Protein chains: 2
Amino acid sequence: MVQATTLPRNEAGIETALGILKQRFGDRFQAGQAIRDQHGHTTTWIANQAPDAVVFPETTDEVAEIVRICAAHKVPVIAFGTGTSLEGHVNAPAGGVSVDLTRMDKVLAIHAEDLQVVVQPGVTREALNTHLRDVGLFFPIDPGANASLGGMTATRASGTNAVRYGTMKDNVIALEAVMADGTVIRTASRAKKSSAGYDLTRLLVGSEGTLGLITEITLRLQGIPEAISAARCSFPSVDAACRAAMMAIQFGLPVARMELLDAMSVKAINAYSKLDLPEEPLLLLEFHGSDAGVAEQVETFRAIAEEVGGSGYEGAATAEERNRLWKARHDAYWAVQTLRPGTKAFATDVCVPISRLAECVGAAQAKMDELGLLGPIVGHVGDGNFHSALLVDMTDDGERARADEFVGWLNDLAIAMEGTCTGEHGIGQGKMPYLEKELGPATAYMAAVKRALDPDNILNPGKIVAL
Amino acid sequence: MVQATTLPRNEAGIETALGILKQRFGDRFQAGQAIRDQHGHTTTWIANQAPDAVVFPETTDEVAEIVRICAAHKVPVIAFGTGTSLEGHVNAPAGGVSVDLTRMDKVLAIHAEDLQVVVQPGVTREALNTHLRDVGLFFPIDPGANASLGGMTATRASGTNAVRYGTMKDNVIALEAVMADGTVIRTASRAKKSSAGYDLTRLLVGSEGTLGLITEITLRLQGIPEAISAARCSFPSVDAACRAAMMAIQFGLPVARMELLDAMSVKAINAYSKLDLPEEPLLLLEFHGSDAGVAEQVETFRAIAEEVGGSGYEGAATAEERNRLWKARHDAYWAVQTLRPGTKAFATDVCVPISRLAECVGAAQAKMDELGLLGPIVGHVGDGNFHSALLVDMTDDGERARADEFVGWLNDLAIAMEGTCTGEHGIGQGKMPYLEKELGPATAYMAAVKRALDPDNILNPGKIVAL
């Protein structure tokens, strides 16, 4: 485990606020060690920093009440969704109260004619899509984990479909949020576009709970396509697969998903998900459109793939087979960990301009070899975004140090290639030094925004920018 | 003319700063009345508030230098592009210095493989597209006027193509900006997506020069489609045309442009642009895609149009004819003013959820009739956004008052329909009261952001939020 920085605790304030919250919320206030640990835990290599208590609000008014109580006593407030973030986002370095939003799980309104839905933050993406099935609409953003939509909004999540449908920033129309003083605001109307003042919607999307607690989300939906075709295609090298992805994007192919798995990842998911994919670099693809449109896309992609030596193009014959393929892709994080039992996966997350992708992935593989590290690679390559899942024996200090070295080296490389240290996982605690490297002077203005909107630094302190 | 609020002037500071700037910039410092008036003027009914001087920087460093000089003496700094904004955005209610960015008109880099371009703020959208023609790429956002890309970024512009390609918020990858203290920042890398901290890019997009001066813009480009087909289709009523637009969007038709003109607007552009379009409510359309894809889109649209009584569907046979049609649409603002010579056009700009569009347009027409106002309607109806160009005899106080009443009534109606008081023109001075009505408590947090990033309120003061 990596120790994250600890911040000074306001013991007296915490004690007072906890007392008030306990009395007010009864059973919905919990301070047992197990539940506290669970709310500090995320899918991460950063050590747990548990909050002092967890409260389970059921309404926006209750969230506002919790924030007002904590604000009055200058106690940290940390929003919690499903705990699938990867950079220590829900840790409590100064203690405080975790606000578990999972009971705010209602779909409040479907505006089918406007292709919009209004949800509470605790609705998960799978629950939403199940709910929407009957109206012929779906919400495309899919980060893999069955995350909550509040958490996905807070971390500007993206994932496999982003190449076609964009990220959360492109699919959130408006938010309701509780600000640091307990005021409830709406950031925008339901209009599809607007020039009405500063874009508070986009300011809150990706703010990781540090500027406000998201209590309601208006999302843009998509019609379920007439035709969906999934496929896989093998390549002689990761470089060739990346080049195929780059050519498809440059051609303007509206591919809905285009996922790279290196040979090691394919091997892992074959074993974990009982598949028999050829153990070579692979692109998993999905095309959305009309019947004719999808056929045309498939034909174009095959021509591109052939040009760089792709082979074994195979479409999923049934929806069942398609779902199986994507389930396997989503389970890759768990699958790769079985390659080396007893290890912990460090998920890296860089994103570079697509023209630099093949070079960046190739350099990452060479560097892992040089450092004696094992790190299967998967990537949302249509966006220039990839992850290596470093499998590290956490009891081996030397290996830990080499893994740290690799992570820093890779982030630096991505930044040098005009890319970013995080395509989708966010900054949390883990990426704070790299944000500074990436955007330098701009981070001072992020800090100024944070201080302006949360002067006492009670909203998820110790994340994104140091104050 | 409508008088805008005047703010207190810092006479001593202005005098000192002007003296320094004059010495430093020589001929590129101008303080003649005509040039000052031109830089206060915008395409608007709000009275001119001229700056005290205009400076023409040629580099980011020069912009930073101007801002540092003005910051030292607490003098307003107002960024100026082409002066086509509509809500008094470039007025100088407290005097100060207009920073004319038209000499910063270089295309700095084309990253064709990444579908990106880096431009200075003074590049106009037409100049950019001319520049890009040889590489087979184009920049889709088209607000009608040949605006500068800096100005389009600052006002979160959109226009005819937004229904398919989004607005400026969706097409700006990264910005370089000079902040209120003269610091130059970069808001993001060139990666296609990122979760690296607060979205300063989207915070500056639409900030109308009040948070920073944009000195460099990295834009997302599109490949020029294999096939482009423009067409027109008449409808028995504005209501039917709106319903056709709504059905096309709900169907998921990826129409590139879908513009409504009411019968009065058609009549005006027929006369102004020497066309002979049927003088009935009209949709002007454009479809982008492969040959087969465009044919499929046309077929789908025609079926939808027929369902609501559309007739006279006619495709533009040649690129020349297509350009003529869009030129006429773009000239509509000028064309409608010829309907009633001697009047001034008030351009309204509401945007509602598309399910409410037909109702909103119908109500607007009825209200204009009731008030005895003439206001042809054009609209980017695929986005739920429309404009009525109220043709007002500014010498008639009663008519002026009725026009004011209509504007207020329409903004209130749009807000009541869960829409916005501005789809694309921005807040400037003219929409400030409506922003407050639309977003209420949220505007206090906009003001907090403004105070944090510009504590002395020198960047385009008196716009968006009152401090």
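Please treat every number below as a calculation from the coordinates, not as lab data. All values reported here derive from a predicted model rather than from experimental measurement. Backbone-built Cβ (ideal geometry, glycine too); neighbour counts: all protein chains shown.
Residues of A:420-426, mean number of Cβ from any other protein chain within 10 Å of their own Cβ, rounded to a whole number?
5
For the range B:215-227, in order, what is each residue's ³J(HN,Hα) by Karplus, 6.51 cos²θ - 1.76 cosθ + 1.60 with θ = phi - 60°, in whole Hz (x at glycine and Pro)?
10, 7, 9, 9, 10, 7, 10, 10, x, 5, x, 4, 10
Counting just the Cα atoms, what span does the range A:196-298 cover along each of its three principal axes? Round to the nearest Å and put the largest first.
That gives 50, 35, 27 Å along the principal axes, largest extent first.
What relative contact order, as a whole-number percentage, does the range B:50-104 give when Cα pairs under 8 Å and 6 or more residues apart are counted?
Relative contact order for the range B:50-104 comes out at 57 percent.
Which whole-Hz ³J(HN,Hα) couplings does the range A:76-92 yield from phi under the Karplus relation 6.51 cos²θ - 1.76 cosθ + 1.60, θ = phi - 60°, glycine and proline marked x?
After applying 6.51 cos²θ - 1.76 cosθ + 1.60, I find x, 10, 10, 6, 10, x, 10, x, 9, 6, 10, 10, x, 4, 9, 5, 10 Hz.
If R0 is 30 Å, what FRET efficiency do you get for B:Glu11 and B:Thr183 from their C-beta distance, rounded to 0.05? If you can, show how the numbers build up before the last one.
Working: r = 27 Å, r/R0 = 0.91.
With a Förster radius of 30 Å, E is 0.65.
Mind listing the label-point distances from B:Glu321 to the same position on all other copies, shortest first, one decimal in nm, points 7 Å along Cα→Cβ?
4.6
Which ³J(HN,Hα) values in Hz, rounded to whole numbers, follow from the phi angles of the range A:440-449 under the Karplus curve 6.51 cos²θ - 1.76 cosθ + 1.60, where θ = phi - 60° and Gly and Pro get x?
Working through the residues one at a time gives x, x, 4, 5, 5, 7, 4, 4, 5, 5 Hz.
Taking H placed 1.01 Å from N in the peptide plane, check which residues at least 5 places from A:Gly289 or on another chain put their amide H under 5 Å from its amide H.
Here the answer is A:Glu226, A:Ala227, since their amide H atoms fall under 5 Å of that of A:Gly289.
5 Å is the cut-off here: which amide hydrogens, built 1.01 Å from N in the peptide plane, fall below it relative to B:Asn161, excluding neighbours closer than 5 in sequence?
Those lying under 5 Å, H to H, from B:Asn161 are B:Asp142.
Just tell me how shielded B:108-115 is by partners: mean number of partner chain Cβ atoms within 10 Å of each residue's Cβ, no decimals.
Shielding by partners across B:108-115 averages 4.
So what is the 222 nm mean residue ellipticity for chain A from helices alone, if each DSSP H run of at least 4 adds -39500 (n - 2.57) and you divide by all residues, rounding to the nearest 500 deg cm²/dmol?
My calculation for chain A gives -11500 deg cm²/dmol from helical runs alone.
Using the Kirkwood formula on the Cα atoms of the range A:326-467, what hydrodynamic radius do you get, in angstrom to one decimal?
Value: 16.3 Å, from the Cα pair sum.
List the pairs from B:Lys74/B:Lys344; A:Lys193/A:Lys431; A:Lys169/A:Lys463 whose alpha-carbon separation is above 24 Å, in the order I gave them.
Pairs exceeding the cut-off: B:Lys74/B:Lys344; A:Lys193/A:Lys431.
Summarise the partner chain shielding of A:448-457 as one whole number: the mean count of Cβ atoms from other chains within 10 Å of each residue's Cβ.
Working: counts 7, 9, 3, 2, 9, 4, 1, 2, 0, 0.
Average neighbour count from other chains, rounded to a whole number: 4.
How far is A:Asn270 from the same spot in each other copy, in nm, shortest first, if each label point sits 7 Å from Cα toward Cβ?
Sorted ascending, the copy-to-copy spacings read 7.1 nm.
Skipping prolines and chain starts, which residues have an amide H placed within reach, meaning under 5 Å, of the one on B:Gln49, given they are 5 or more residues away or on another chain?
For B:Gln49, the qualifying residues are B:Ala92.
How large is log10 I(q)/I(0) at q = 0.04, 0.06, 0.08 Å⁻¹ when the Debye formula is applied to the Cα atoms of the protein assembly as shown, each weighted equally and without solvent?
Per q value, in the given order, log10 I(q)/I(0) is -0.18, -0.41, -0.75.
Quick one: order B:Trp45, B:Trp334 by neighbouring beta-carbon count within 10 Å, fewest to most. It would help to have the intermediate numbers written out before the result.
Numbers: B:Trp45 22, B:Trp334 14.
Lowest count first: B:Trp334, B:Trp45.
Between copies, how far does the label point of A:Gly408 sit from its twins, in nm, shortest first, when each point is 7 Å from Cα along Cα→Cβ?
List, nearest first: 6.3 nm.
Going by Cα centres, the range A:27-92 and the range A:233-252 are how many Å apart?
Cα centres, the range A:27-92 to the range A:233-252: 42 Å.
Taking the range B:107-223, how much of its Cα-Cα pair set, in percent, is spaced more than 22 angstrom apart?
Result: 26 percent of Cα pairs exceed 22 Å.
Quickly rank B:339-347, B:61-69 as a protection proxy: mean count of other C-beta atoms within 10 Å, highest first.
B:61-69, B:339-347
Considering only C-alpha atoms, what is the centroid distance from the range B:98-148 to the range B:424-467, in Å?
With the range B:98-148 and the range B:424-467 each reduced to a Cα centre, they are spaced 28 Å.
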